[in-house]
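Inspection log for the structure reproduced underneath, given as structure tokens.
What follows is calculated from the coordinates using simple rules that are stated; it is not laboratory data. This is a predicted model, so every value here is computed, not measured. Cβ placement follows ideal geometry from the backbone for every residue including glycine, while neighbour counts extend to all protein chains displayed.
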Amino acid sequence: MDGDFRTEFVREPGALKHHPALVLNADYRPLSYYPLSLWPWQEAIKAVWLDRVDIVAEYDTTVRSQKMEVRIPSVVVLKDFVKPQKRVAFTRFNLFLRDEFCCQYCGGRGDLTFDHVIPRARGGITSWENVVAACSRCNLRKGSKSLRQANMHLRKPPKQPSADELQTVGRKFPPNHLHVSWMDYLYWDAELQA
């Protein structure tokens with residue numbers, strides 16, 4: 001054999017990796033909005049085979065084995081309800097999500113880092129209530145000074161978000177691709193405009 005054995009024997013069409021399945025909890029709500037709860041098509045088919053999910057919608061594309069042909073699921077719902085977490089982990093991603101991916105000093109959206117409102121050099125701790133998203137420029141400008149010394153103001157006071165608050169913020173940031181079959185399940189519980 002001249003080529004790589006993986007390309008000789010693995011014949012997965014490239015398009016099949018682009019068929020993710022939206023995963024809904026037993027109450028027909030997505031497990032998470034940001035990042036959106038998606039499974040690769042292989043995981044969705046495996047979950048169907050193991051009888052852990054029901055198929056709600058399918059793609060037109062099929063996959064075949066020696067004995068069967070299956071349409072790829074585009075929306076699946078879990079048979080057992082997964083209780084959402086109440087506690088939100090203090091991570092960089094969740095901090096940026098809480099602050100809607102913008103600097104809490106100037107409102108800029110690029111080159112984000114995080115800043116201690118009360119600098120660590122002055123006894124500030126790393127917590128939800130003392131850390132905010134900040135662009136590099138504002139972070140350098142503030143340095144280890146207080147807000148008053150740096151003549152800077154926060155757009156909103158930092159606080160620990162609830163899981164529901166993060167989910168609500170996450171809805172503002174849909175992924176680059178939303179399949180048409182997902183739309184009825186993503187925003188069905190959104191408040192209607194009068």
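Some observations on this one:
- The GNM of the chain, with springs linking C-alpha atoms under 10 angstrom apart, assigns the highest mean-square fluctuation among Pro73, Pro157, Pro30 to Pro157.
- Residues whose amide H comes within less than 5 Å of that of Leu154, counting only those at least five positions distant or on another chain, are absent (H built at 1.01 Å from N in the peptide plane).
- Residues whose amide H falls under 5 Å from that of Val56, counting only those 5 or more places apart or on a different chain, are Val75, Val76, Val77, with hydrogens built in the peptide plane.
- Relative to its residue count, the chain spans a Cα convex hull of 192 Å³ per residue.
- Couplings for region 30-40, taken from phi via the Karplus curve 6.51 cos²θ - 1.76 cosθ + 1.60 with θ = phi - 60°, read x, 4, 8, 9, 9, x, 5, 6, 10, 10, x Hz in order; Gly and Pro are left as x.
- Extension gain, Lys46 back to Asp60 (0.36 nm per residue minus Cα-Cα distance, nm): 3.2 nm
- Test item: Cα-centred dipole of the chain, Lys/Arg +1 and Asp/Glu -1 on Cβ, debye: 1300 debye
- Close lysine pairs were tallied over the chain: pairs 8 or more places apart or on different chains with Cα atoms under 16 Å apart number 4.
- For region 49-54, putting each phi into the Karplus relation 6.51 cos²θ - 1.76 cosθ + 1.60 with θ = phi - 60° gives couplings of 4, 7, 6, 9, 9, 10 Hz, in residue order, rounded to whole numbers and with x for Gly and Pro.
- When the chain is described by a simple charge dipole with +1 on each Lys and Arg Cβ and -1 on each Asp and Glu Cβ, the residue from Trp49, Leu31, Gln85 located farthest towards its positive end is Gln85.
- Using the Cβ-Cβ distance between Cys106 and Gln85 with R0 set to 30 Å, the FRET efficiency works out to roughly 0.40.
- Under Karplus coefficients 6.51, -1.76 and 1.60, residue-wise ³J(HN,Hα) of region 72-87 in Hz, glycine/proline x: 6, x, 9, 9, 10, 10, 5, 7, 10, 5, 9, 5, x, 5, 8, 8
- In terms of packing, defined here as the mean over residues of other Cβ atoms within 10 angstrom, the peptides 109-115, 34-40 line up highest first as 34-40, 109-115.
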